[in-house]
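Here is the structure we will look at.
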Amino acid sequence: MHELGVVFHCIKEVNEIATENKVSRVNSVTIQLGEVSTVIPELFEDCWNWAVKKETVLKDAKIHIERINAITFCEDCRKEYPTVEYGRTCPFCGSERTYLVQGNEFMIKEIEVVDSPPGEEGK
């Protein structure tokens, strides 16, 4: 299960961003996850919920996962099609001269922070 390693990497990135921006508390993180990224959303969420209990800035932060559909482009007929349904072979012309356009992403899209009362930023 490599999801735990991905979670640790994500937490590290969010902690670095929080430090750079003098954020003392993160409420939630939204990630974009490609349909063929090899990260299983349910396992990622379980690992996240376990890991953030041990954090300071991210303690009990919620995770929101937005799925990005996998789309493949055919170089022969110039059409796009759903990757998971048809794989590498174009359903329009049968060509295998195809490549993935989207769906392999793993990106931090948004970090929601808890507002600090005036004068208490960074505490």
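Only the coordinates and a few stated rules stand behind these numbers; no lab work does. Predicted model only: the values in this text are computed from it and were never measured. For neighbour counting, all protein chains shown are included, and Cβ atoms are generated from backbone atoms with ideal geometry for every residue, glycine included.
Miscellaneous remarks
- Of all the residues in segment 75-97, those that are over 30 Å from C10 (Cβ atoms) and not in a loop (DSSP other than H, G, I, E, B) number 2.
- T38 passes every criterion in (1) within 22 Å of E3 (Cα to Cα); (2) of a type outside the set (G, A, S); (3) touching a Ser or Thr at 6+ places or on another chain (Cβ under 9 Å); (4) not in a strand (DSSP E or B) apart from (3).
- The residues of segment 1-35 that are in a strand (DSSP E or B), farther than 28 Å from V101 by Cα and not hydroxyl-bearing (S, T, Y), listed by number, are V26, N27.
- Segment 73-99, residues that are among the hydrophobic types (A, V, I, L, M, F, W, C), under 15 Å from V36 (Cβ atoms) and out of contact with any strand residue (DSSP E or B) (no Cβ under 6 Å at 6 or more places or on another chain): V84
- Residue list for segment 32-54, restricted to those being surrounded by 14 or more Cβ atoms within 10 Å (Cβ to Cβ), within 14 Å of the chain's Cα centre (by Cα) and not acidic (D, E): Q32, L33, G34, V36, S37, V39, I40, P41, L43, F44, C47, W48
- Picking from residues in segment 96-113 that are surrounded by 15 or more Cβ atoms within 10 Å (Cβ to Cβ) and of a type outside the set (D, E, K, R), the one that is farthest from D60 (Cα to Cα) is T98.
- Just so you know, in segment 1-31 the residues that are crowded, with 16+ Cβ neighbours inside 10 Å and under 21 Å from A70 (Cβ atoms) include one that is farthest from the chain's Cα centre (by Cα), and it is E3.
- Within segment 55-74, the set of residues being among the charged types (D, E, K, R), surrounded by 13 or more Cβ atoms within 10 Å (Cβ to Cβ) and more than 18 Å from P41 (Cα to Cα) comprises just one member, E55.
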